[in-house]
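Below is one structure, written out as structure tokens, with a few remarks after it.
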Amino acid sequence: TYEGTAMKEKILNNSTKASAVIFFILIIVHAFEAIFLRMDETFFAENFINKLFGIAVMFVVLKILQWKCANIGFSFKGFFKNIAIGILLSVFVFAIAYSVEFFILKARCSSVELGFYTVGFSLAGESAIHKGIGFILMCIFFNIINVIMEEGTFRGLFYQIVKTNHSMKFSLIFQALLFGVWHIVTPLHNFIDGDINLVSFIALSVGYIILAGLMGIKWGLMYQLTGSLYSGMADHFFNNCIATNLLHLSTENGIDEMMIVRVLIAQLVSFFIVLFVWIRKNKKDNKAELSNA
């Protein structure tokens, strides 16, 4: 219809503004769930409503743009190969990260144990360990929803919309910046609850923007390298589901007291690996173009 075509042109002609408006709607729902509904403090132990909402919005925008899922990276070509690439990258870097964390903890504590379970909340509001298969499957399911939404929206939708009238480099950085801001909801939640002060909130927010932004760039580069979202989704899933939610290191002082070290090591190592591969591929492609000219 004429109205649909007009809306499509309006989005694509104002790509950054349109993406920012869509992002604002998504982050408002994200913040509302985290701060008011607090689904992560319920039996589900996960804020998943905003992710389902995000997937719905993604499909609505795709319909308006008259795009297919393949247009934003959900192409089944090389599906298993790309999943394997993401998983192998994660296993490699987190093997390094867990090893470093283990030896640091071992130097400080008498015993260090590796465990596979979820950590949720009891009815009393305290953290609780859940080793049942139901909780583990629920964690896996919610994290699949999470990577579909976040990769599909940030590396897929926003990246492709902005790329229609901006450079690939600008589009890559733009979606990564939005992804970094997306994670400010976590320290905001802690600040409102009084768990951290204003200075800590600002410091954590900046830290989240930088770390999540780097992860967003890495997964964007993986999209450019493979032409598919699935390698980044697999790496993203392993980071969120396995390394931060299921596979834990515990001592007499508690569980995952050095998780941030684990995540930082793994993400920085994987970022530089992907960046190195991307630079080499670009140089190879440029040489091929020059030789064919």
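The values are calculated or read from the model by the stated rules, or taken from the named source; none is laboratory data. Quick caveat: nothing in here was measured; it's all calculated off a predicted structure. Positions of Cβ are backbone-derived with ideal geometry, glycine not excepted, and every protein chain shown enters the neighbour counts. Remember, those area values only see protein heavy atoms, side chains included, never the ligands or the DNA or RNA. Shrake-Rupley method; radii C 1.70, N 1.55, O 1.52, S 1.80 Å.
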Pairs with Cβ under 6 Å, 6+ apart, first in segment 130-142 and at negative phi, second in a strand (DSSP E or B) and modelled with pLDDT under 95: 130/118; 130/120; 135/118; 139/118
When segment 88-117 is checked residue by residue, the ones that are in a loop (DSSP other than H, G, I, E, B) and of a type in the set (S, T, N, Q) are 110, 111
Looking only at segment 1-54, filter to residues that are surrounded by fewer than 15 Cβ atoms within 10 Å (Cβ to Cβ) and closer than 23 Å to residue 137 by Cα; which one of those is modelled with the lowest pLDDT? 43
Residue in segment 201-220 that is most open to solvent (accessible area, probe 1.4 Å), counting only those that are β-branched (Val, Ile, Thr) and closer than 15 Å to residue 268 by Cα: 210
What do you reckon, is residue 147 loosely packed, with under 15 Cβ neighbours inside 10 Å, out of contact with any strand residue (DSSP E or B) (no Cβ under 9 Å at 6 or more places or on another chain), β-branched (Val, Ile, Thr) and assigned to a helix (DSSP H, G or I)? no
Could you list, in sequence order, the residues of segment 223-259 that are open to solvent by 10 Å² or more (accessible area, probe 1.4 Å), farther than 21 Å from residue 113 by Cα and not hydroxyl-bearing (Ser, Thr, Tyr)? 224, 225, 227, 233, 237
So which pairs qualify, if the first residue must be in segment 147-169 and more than 19 Å from residue 53 (Cα to Cα), the second must be β-branched (Val, Ile, Thr) and open to solvent by 10 Å² or more (accessible area, probe 1.4 Å), the Cβ gap must be under 7 Å, and the two must be at least 6 apart or on different chains? 161/11; 162/16
When (1) open to solvent by 70 Å² or more (accessible area, probe 1.4 Å); (2) in contact (Cβ under 8 Å) with a residue 12 or more places away in the chain; (3) of a type in the set (D, E, K, R); (4) assigned to a helix (DSSP H, G or I) are applied to residue 262, the one that fails is (1)
Hits in segment 238-259 - residues which are more than 24 Å from residue 82 (Cβ to Cβ) and not in a loop (DSSP other than H, G, I, E, B): 248, 249, 250, 251, 254, 255, 259
Counting only residues in segment 55-87 that are among the basic types (Lys, Arg) and not in a helix (DSSP H, G or I), the one most open to solvent (accessible area, probe 1.4 Å) is identified as 77
Scanning segment 231-258 for residues that are closer than 18 Å to residue 183 by Cα and either free of Cβ contacts under 8 Å to residues at least 40 places away in the same chain or in contact with a His (Cβ under 7 Å, 6 or more places away or on another chain) (or both) gives 244
